């Protein structure tokens, strides 16, 4: 199990997955480096009742309170904070999840753009051969999207579309969210009790 994880939230629909994942990571005692794009802030305000402060320090305190995190367990970094540990192979966590991952972010990671801290952190994960999980939420997918996914998969990234299954007989939207989050936790090597495994 990864003791430190970078969680990046970008401007695709589905921030509910990210927040549920953050709660599970905190509950498991994982230290989380939290990154969020400006587009994601807009999506959060549109899709949810969350009121995320725009400044990193205020957001860090807000998330710690919401998820009852230990002091320093959640660390929030701004998009141009190039001194953040996640910007370097010598300091970055062993795993990174981009959830949800917009197709713009997918493209930037595939080309090594590194124009902001999210893109740089993903670039570090790739170059250091660390676990990188990308959770795109888009439909339909263009040839450009598919080509970028194939390129990243060939580089070692895990492409995990936010595509919940129904074999666990979901009764609510939360059950559908939990399906995707459970799969992400499995990729991180973490035990989870959100949904039963196939055959259990």
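Would you be able to say whether some residue in region 156-177 is over 23 Å from residue 38 (Cβ atoms) and crowded, with 22+ Cβ neighbours inside 10 Å?
Of region 156-177, the ones over 23 Å from residue 38 (Cβ atoms) are 156-161, 163-177.
Now drop any that are not crowded, with 22+ Cβ neighbours inside 10 Å, which leaves 157.
Checking region 156-177: at least one residue is over 23 Å from residue 38 (Cβ atoms) and crowded, with 22+ Cβ neighbours inside 10 Å.
Which residues, taken from region 71-112, are closer than 24 Å to residue 154 by Cβ, part of a helix (DSSP H, G or I) and touching a residue at least 40 places away in the same chain (Cβ under 8 Å)?
Result: 86, 103, 104, 105, 106, 107, 109, 110.
Quick one: in region 132-152, which of the residues that are assigned to a helix (DSSP H, G or I) and touching a helix residue (DSSP H, G or I) at 6+ places or on another chain (Cβ under 6 Å) is surrounded by the fewest Cβ atoms within 10 Å (Cβ to Cβ)?
That would be 151.
So, residue 91, is that one in contact with a helix residue (DSSP H, G or I) (Cβ under 6 Å, 6 or more places away or on another chain) and at pLDDT below 95 or not?
On the way: in contact with a helix residue (DSSP H, G or I) (Cβ under 6 Å, 6 or more places away or on another chain): yes; at pLDDT below 95: yes.
Considered against the rule, which asks whether it is in contact with a helix residue (DSSP H, G or I) (Cβ under 6 Å, 6 or more places away or on another chain) and at pLDDT below 95, residue 91 comes out as yes.
Any idea how many residues of region 40-54 are over 26 Å from residue 94 (Cα atoms) and either touching a helix residue (DSSP H, G or I) at 6+ places or on another chain (Cβ under 9 Å) or assigned to a loop (DSSP other than H, G, I, E, B) (or both)? First the steps, then the outcome.
As a first pass, look at region 40-54 and keep what is over 26 Å from residue 94 (Cα atoms): 42-54.
If we keep only those that are either touching a helix residue (DSSP H, G or I) at 6+ places or on another chain (Cβ under 9 Å) or assigned to a loop (DSSP other than H, G, I, E, B) (or both) as well, we get 43-44, 47-54.
Selection size over region 40-54: 10.
So, in region 113-131, of the ones that are touching a residue at least 40 places away in the same chain (Cβ under 8 Å) and part of a helix (DSSP H, G or I), which residue ends up surrounded by the fewest Cβ atoms within 10 Å (Cβ to Cβ)?
Of the residues in region 113-131, the ones touching a residue at least 40 places away in the same chain (Cβ under 8 Å) are 116-118, 121-122, 125, 131.
Those still in the list that are part of a helix (DSSP H, G or I) too: 117-118, 121-122, 125.
Details: 117: 23, 118: 27, 121: 26, 122: 29, 125: 27.
Looking at the filtered set, the residue picked out is 117.
When you scan region 58-84, how many residues do you find that are closer than 21 Å to residue 105 by Cβ and surrounded by fewer than 18 Cβ atoms within 10 Å (Cβ to Cβ)?
5
Determine whether residue 38 is modelled with pLDDT of 95 or more, surrounded by fewer than 19 Cβ atoms within 10 Å (Cβ to Cβ) and over 22 Å from residue 71 (Cβ atoms). Walk me through it before giving the result.
On the way: modelled with pLDDT of 95 or more: yes; surrounded by fewer than 19 Cβ atoms within 10 Å (Cβ to Cβ): yes; over 22 Å from residue 71 (Cβ atoms): yes.
Taking the combined requirement at face value, the residue satisfies it.
Yes/no per residue for (1) in a loop (DSSP other than H, G, I, E, B); (2) more than 16 Å from the chain's Cα centre (by Cα); (3) at pLDDT 95 or above; (4) within 20 Å of residue 95 (Cβ to Cβ):
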position: 165; (1), (2), (3), (4): yes, yes, no, no
position: 169; (1), (2), (3), (4): yes, yes, no, no
position: 176; (1), (2), (3), (4): no, yes, yes, no
position: 191; (1), (2), (3), (4): yes, yes, no, yes
position: 198; (1), (2), (3), (4): yes, yes, no, no
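Out of the residues in region 3-35 that are surrounded by fewer than 20 Cβ atoms within 10 Å (Cβ to Cβ), under 24 Å from residue 85 (Cβ atoms) and touching a strand residue (DSSP E or B) at 6+ places or on another chain (Cβ under 9 Å), state the one that is modelled with the lowest pLDDT.
The qualifying residue modelled with the lowest pLDDT is 3.
Output the qualifying pairs, or none if there are none: Cβ atoms under 6 angstrom, residues six or more apart or on different chains, first residue in region 165-190 and free of Cβ contacts under 8 Å to residues at least 60 places away in the same chain, second residue in a helix (DSSP H, G or I).
Going by the 6 Å Cβ cut-off, the qualifying pairs are 165/179; 170/176.
Looking at residue 102, is it surrounded by 14 or more Cβ atoms within 10 Å (Cβ to Cβ), under 27 Å from residue 145 (Cβ atoms) and touching a strand residue (DSSP E or B) at 6+ places or on another chain (Cβ under 9 Å)?
Working: surrounded by 14 or more Cβ atoms within 10 Å (Cβ to Cβ): yes; under 27 Å from residue 145 (Cβ atoms): yes; touching a strand residue (DSSP E or B) at 6+ places or on another chain (Cβ under 9 Å): yes.
It is true that residue 102 is surrounded by 14 or more Cβ atoms within 10 Å (Cβ to Cβ), under 27 Å from residue 145 (Cβ atoms) and touching a strand residue (DSSP E or B) at 6+ places or on another chain (Cβ under 9 Å).
The values are calculated or read from the model by the stated rules, or taken from the named source; none is laboratory data. Note that the structure is a prediction, hence the values are computed from the model and not measured. FYI the Cβ positions are ideal-geometry reconstructions off the backbone, even for glycines, and counts take in every protein chain you see.
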